[in-house]
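Each remark here refers to the structure printed beneath this line.
The values are calculated or read from the model by the stated rules, or taken from the named source; none is laboratory data. Predicted model only: the values in this text are computed from it and were never measured. Glycine also receives a Cβ, built like all others from the backbone with ideal geometry; neighbour counts cover every protein chain displayed.
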Amino acid sequence: MKKNIFYHSTRGNKEKKLSSEAIVYGIADDGGLFIPTEIPKIKMDYNQLKELDYNELAYRIMSKYLTDFSEAELKYCIEKAYNEKFDTNIIAPLEKKTGVYFLELFHGPTLAFKDMALSILPHLLQIALEKLNLNKEMVILTATSGDTGKAALEGFANVPGTKIIVFFPQEGVSEIQKRQMLTQKGENTHVIGISGNFDDAQRGVKEIFENQIFKDKVKKRNMILSSANSINIGRLVPQIVYYFYAYLKILKENDIKAGEKINIVVPTGNFGNILAAYYAREMGLPVNKLICASNDNRVLTDFFKSGIYDRRRELIMTISPSMDILISSNLERLLLIACHGKADQVNKILNDLSEKGFYKISPDMKKEFNGFYGEYAIQEEAIQCIREVFERSEYLMDPHTAVGHAVYKKYLSETKDRTKTVIVATASPFKFTKSVMGAIDEKYKKFDDFELIEKMADLLQNSIPMGIKDIKKKSILHKAVCNKGKMKEKLAEILF
């Protein structure tokens, strides 16, 4: 018999929601994030699981969480998501280079790992609205540090009954990331640059979700506010799948034995991707260490080492912009687990972060993080890593993946741990041509981001990915900008 999994807030509201409700509303009424009442287990029948293709495995994993979706409904969403829009039918290829496995999550339409969840979220939302008999317009409100924005725009463009509004830091994304968003077609798409960083954009979006007067105005116009950020459980659940897929691919290649543990390295910003890996481990995936890789903005590294989360520092803009974050929202979900479900402790922690700029967890809570290893790599180390790996194997990493590889080298040096390791390759190097090609050879620094797309394709002897082909020639369709303190007013202009 199918066991129901419900969702409740991280901040104390114990009202249980169906997965369809959690996906539609995105964030709980008290401002908390939805978390499953329990993490379901999966029977690790390795011989059977390793023969499944990506879509079959996605159904096996996601059905454990989305228990109010019928088999037909969930399979429909999966088939609509993982199809020819990816440039490989494998969906998430695994490449073995320099002694590690790169889990390539950038073969979707926008060349970043966000496609893995945002290709399916619009379909989950549409089914959820039907299930709940909500005949309302869906307003998807999203902050982005570069990749979520384009992936959300691509996923929701021209979806009936929806508007998608994306706020991004004007100076905090690569030129190609920016152009991807600003050229997005779709009558229901809106892209707004802000004078601030990603934390400012994320804070502004959260404040809108928590503003009851604004929410009432939205409700009166027969609209529902929801999110495409990883604060939405509909983003998080699909991300669990590819960790199982990677393990089973290694197993099928006879590189590990059934039940043998692996390490997983995740370049981390908002903590959603590595949290999905944690959920996979708790479901039964054999994982030794979850290696949390940070860039120069080392707030998570400091947290794992000291138990103190301190955002009282200047945000450093780097060549890995999706990691230029000082407030990692998804950590809230793990904090509730570390508090053994005591939401009052989570509220105190979050209040301290808001009012004092930092918080400290107890030694007992810190034990819950023993399965994690946190370290950081500065920009120069990432650049060196891009060059070294390419020289050794002709494998080209984007700057975020390079941070992950650089941190793994530090982990290996420190621990001598020879456990087989998967590094999550979160984006295509084609999204960051200026920094990647410049890392390989000084001669490329005289070219702009768009000229370097062709030079990168020549270097790799590959065709240019469809997601950015002729991107420089596309018309700029979105020109709106606003002050970081005027996001609510800008949104009101669009909606009202």
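Values computed for the structure shown
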read-out	value
Scope the stretch 422-477; condition surrounded by fewer than 18 Cβ atoms within 10 Å (Cβ to Cβ), in a loop (DSSP other than H, G, I, E, B) and in contact (Cβ under 8 Å) with a residue 40 or more places away in the chain; matching residues	ASP448, PHE450, LYS474, SER475, ILE476, LEU477
ILE337 vs. criteria touching a helix residue (DSSP H, G or I) at 6+ places or on another chain (Cβ under 9 Å), assigned to a helix (DSSP H, G or I) and β-branched (Val, Ile, Thr)	yes
Residue in the stretch 409-421 that is surrounded by the fewest Cβ atoms within 10 Å (Cβ to Cβ), counting only those that are outside any helix (DSSP H, G or I) and polar (S, T, N, Q)	THR419
Filter result (aliphatic (A, V, I, L, M) and either out of contact with any strand residue (DSSP E or B) (no Cβ under 6 Å at 6 or more places or on another chain) or surrounded by fewer than 20 Cβ atoms within 10 Å (Cβ to Cβ) (or both)) within the stretch 101-129	LEU105, LEU111, MET116, ALA117, LEU118, ILE120, LEU121, LEU124, LEU125, ILE127, ALA128, LEU129
Qualifying position, being touching a Ser or Thr at 6+ places or on another chain (Cβ under 6 Å) and buried (at least 19 other Cβ atoms within 10 Å of the Cβ), among PHE198, PHE167, PHE209	PHE198
Selection from the stretch 302-332 of residues that are under 24 Å from SER428 (Cα atoms), assigned to a helix (DSSP H, G or I) and not hydrophobic (A, V, I, L, M, F, W, C)	PRO321, SER322
Failed condition for PHE244, given (1) in contact with an Asp or Glu (Cβ under 8 Å, 6 or more places away or on another chain); (2) surrounded by 14 or more Cβ atoms within 10 Å (Cβ to Cβ)	(1)
Residue in the stretch 392-400 that is out of contact with any strand residue (DSSP E or B) (no Cβ under 7 Å at 6 or more places or on another chain), within 30 Å of LYS249 (Cβ to Cβ) and of a type in the set (D, E, K, R) present	yes
Among the residues listed as ALA492, ALA406, the single one being hydrophobic (A, V, I, L, M, F, W, C), in a helix (DSSP H, G or I) and surrounded by 18 or more Cβ atoms within 10 Å (Cβ to Cβ)	ALA406
The stretch 347-398 - residue that is aliphatic (A, V, I, L, M) and in a loop (DSSP other than H, G, I, E, B) and, of those, nearest to ARG333 (Cα to Cα)	ILE361
Subset of the stretch 352-403 [surrounded by 13 or more Cβ atoms within 10 Å (Cβ to Cβ), at pLDDT below 95 and basic (Lys, Arg)]	LYS366
Subset of the stretch 240-273 [free of Cβ contacts under 8 Å to residues at least 24 places away in the same chain and not charged (D, E, K, R)]	ASN254
Qualifying residue in the stretch 7-15 (condition: modelled with pLDDT of 95 or more and of a type in the set (Asp, Glu))	no
Single residue of the stretch 283-311 satisfying the filter (in contact with a Pro (Cβ under 8 Å, 6 or more places away or on another chain) and aliphatic (A, V, I, L, M)) that is farthest from VAL422 (Cα to Cα)	MET283
Any hit, the stretch 254-263, residues being at pLDDT below 95 and within 27 Å of TYR309 (Cα to Cα)	no
Residue within the stretch 300-314 that is surrounded by 20 or more Cβ atoms within 10 Å (Cβ to Cβ), under 20 Å from ALA276 (Cβ atoms) and either among the β-branched types (Val, Ile, Thr) or touching a Ser or Thr at 6+ places or on another chain (Cβ under 7 Å) (or both) present	yes
Residue match in the stretch 287-301 (condition: in a helix (DSSP H, G or I) and without any contact (Cβ under 8 Å) to a residue 40 or more places away in the chain)	yes
Residue within the stretch 325-334 that is in contact (Cβ under 8 Å) with a residue 12 or more places away in the chain and over 22 Å from GLY12 (Cβ atoms) present	yes
